[in-house]
Every structure is written in C-alpha cells, then in structure tokens.
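Before any comments, here is the structure.
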Amino acid sequence: MSTPTRATYRTMAEGTAEDYALISRAEAANNAGLVPRVLTLVEALADGEQAYPISRLDHALQSATRAFDDGRPVDYVVAALLHDIGDTYAPHAHGAFAAAVLAPYVPERLAWIVKVHPEFQQYYYAPHMGGVRDAREKYRDHQWFDDCVEFCEKYDQNCFDSSFEHRPLEFFRPMVEEVFAREPWSAHSAT
C-alpha cells in the first residue's frame, strides 16, 4: 500500500487527523522554500513599465542599503528591502501586500509602517498629481506616526538617486533568511 500524497476529503469537515498531518508536513516543506520566493518578489520589481529615475528594484536596494548603512536592525533593513514588493502584484494596495508578507516575521511597528507608507509618501508627490499631500494626517495620533514619517523621509522618498551605489540583492539574502526563519508571529512582542 502506498503512502498518500494528498488528503482524501472533499470538504474540510470530512478531513481526518491523517489528512491534516499530511497537509502539515507538506506546508512545512513548502515554507522551507519561502526565502527564494520572497526574493523573487523583490527581483520582480525590475519588471514592467517604469518611468522612475531608476528601476523599482534599484529603489528597493537603495532603501535597504541606506537602512543598513544607518545601522538599522536587520528587521528594519528587510522591511526597507521589501516595502514595495506589492508594486508588481497589487499596485493599488502595495503597502498592504508587502505588510502581509512581512507581518508574521517582524515587529508590528514595522509591518504597520510598510502597510501605510504609500499614504505617507503622498506628502512628497501628491500635489503634483492633483492629490492630497496630507493623506498621512489621518494617522497623526497613531503611536508610530513619526516612525513612518522617518521611514519615508530617510528610506523611501530619497531612494531614486541614480548616482547612489547600493549593495546587490545577494548581500541582503542572509538578512532575509534570518527574518523568515523565525517562528511566525514571535516578533510581535517586540516593537
């Protein structure tokens, strides 16, 4: 008799302990390949129509390099690297997309910064596009408002410099591996 490779139920209510043990093993194996998939999301920032002064990939690498050079913790550097990964797959919710990927592995503060950074970024460009510069003001009383202002000022709006020499993606791989090797949601006790 062969070992099943798929659960046997038609509805989840019909599932057995054996089915769910099989699924748990398969999910653990799948999760072991998470870092290469996350880095593929970063690499995808090089694709698509772009009119920025540099590619979105170079922007992400510049952001992470600046955070690293400023001595930010590994969580922060990885958040800077991944903050725009949603641009390719969820362009109208790119912050929420990136935050959803990061949230199980980084402190809640960083996930929040990544999630709302698009609204904070409007401060720099919205008036030139007929938008509202102060979209971020709805978060004024939030405990991490100033943290997001700082992130956008130091690691986002200024990371379109074609003369800035950033580190390559491979430099950040060990940091991404460190962050995504954590037990999911364990970082939420930190701020």
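Coordinate-derived values only; no laboratory data. Because the structure is predicted, anything quoted here is derived from the model rather than measured. Neighbour counts are summed over all protein chains in view; Cβ atoms, including those assigned to glycine, are modelled from backbone coordinates with ideal geometry.
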D_trans [Stokes-Einstein, Kirkwood Rh over alpha-carbon pairs] for the chain, 37 °C, 0.692 mPa s, µm² s⁻¹: 181
Packing rank of 147-159, 128-140, 164-176, where each peptide gets the mean count of other beta carbons within 10 Å, highest leading: 147-159, 164-176, 128-140
Ordering of 58-69, 74-85 by burial proxy (mean other Cβ atoms within 10 Å per residue, highest first): 74-85, 58-69
3J(HN,Hα) from dihedral phi, the range 144-153, Karplus parametrisation 6.51/-1.76/1.60, rounded to Hz, x for glycine, proline: 10, 3, 5, 5, 6, 4, 5, 4, 5, 5
Electrostatic dipole magnitude of the range 34-189 [Cβ: Lys, Arg +1; Asp, Glu -1; Cα centre; debye, to 20]: 240
